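Here's the structure we're looking at; comments come further down.
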Amino acid sequence: MLARASGPFEVKLIPQPSEDKTEGATLGRMSIEKQFHSDLEGTGKGEMLTAGTTVKGSAGYVALERVSGTLHGRVGAFILQHSGTMTRGAPQLTITVVPDSGTGQLAGLTGKMTINIVNGKHSYEFEYSLAETA
């Protein structure tokens, strides 16, 4: 049975040194710090790799983020895998729980998260299930 969680979050992206030192390099790296609220109360910490292009509004990113906290009263942690592209301003983003990454009372967690940004404010919608672990 699928459950749903939603709420606001704050995010801080911190640019990190890139290994790509070529002139005009479009590859970047950032650390991610998040604070989740409401149905999911906790923190997210992760790493992001980005790629820009010469076409305005086109780019890509991948990230891994460890989320620790309480999800509808269950305490634990899990890892989210992000994969996003922007094609001339049209975004496409997939955020999925890494299989078997749940710990504590979140062991067996599966699901997908969506991020909404309205007037500069971030919120999440998380559709998930908690399977019994073997």
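The values are calculated or read from the model by the stated rules, or taken from the named source; none is laboratory data. Computed from a predicted structure; not experimentally measured. Every residue, glycine as well, gets a Cβ built from its backbone with ideal geometry; the counts of neighbours run over all protein chains shown. Protein only, heavy atoms only, side chains kept; ligands, DNA and RNA dropped before computing areas. Shrake-Rupley method; radii C 1.70, N 1.55, O 1.52, S 1.80 Å.
Rolling a 1.4 angstrom probe over the chain with all protein chains present gives an accessible area of which 56% lies on carbon and sulfur atoms. Which loop GluC sites (Glu not before Pro) in the range 65-134, with loop taken from DSSP, have no more than 14 other Cβ atoms within 10 angstrom of their Cβ? Passing sites in the range 65-134 are GLU132. As a length-normalised measure over Cα pairs under 8 Å and 6 or more apart, the relative contact order of the chain settles at 21 percent. Shown in residue order for the range 39-45 are the 3J(HN,Hα) couplings computed by the Karplus curve 6.51 cos²θ - 1.76 cosθ + 1.60 at θ = phi - 60°: 4, 10, 10, x, 10, x, 9 Hz (x for Gly and Pro). The mean accessible area for residues of the chain, using a 1.4 Å probe and ignoring ligands and nucleic acids, is 62 Å² per residue. Protection proxy ranking of 35-46, 88-99, by the mean of other Cβ atoms within 10 Å over each peptide's residues and highest first, is 35-46, 88-99. Given their separation in residues at 0.36 nm each and the Cα-Cα distance between them, ALA90 and ILE117 gain 8.3 nm when the chain is fully extended.
For the pair LEU64 and LYS12 in one chain, pulling the backbone fully straight at 0.36 nm per residue adds 17.3 nm over the alpha carbon distance.
Taking amide H as placed 1.01 Å from N in the peptide plane, PHE9 has its amide H under 5 Å from the amide H of HIS122, SER123, TYR124, each at least 5 places away in sequence or on another chain.
Between amide H atoms placed 1.01 Å from N, distances below 5 Å from ARG29 occur with GLN16, THR50, all of them 5 or more places distant or on a separate chain.
Straight-line reach from LYS12: which lysines have Cα under 20 Å away, leaving out those fewer than 8 places along the same chain? List returned: LYS34, LYS45, LYS121.
Averaging sequence separations of C-alpha pairs under 8 Å and six or more residues apart, then dividing by the length of the range 59-112, give the relative contact order as a whole percent. The normalised contact order for the range 59-112 reaches 31 percent.
In the set (i) 12, 42, 36, 10, 0; (ii) 12, 40, 31, 14, 3, 0; (iii) 11, 31, 37, 18, 2, 0, which value of P(r) over Cα pairs in 10 Å bins from 0, in percent was calculated from the structure you see? Of the listed options (i) 12, 42, 36, 10, 0; (ii) 12, 40, 31, 14, 3, 0; (iii) 11, 31, 37, 18, 2, 0, (ii) comes from this structure.
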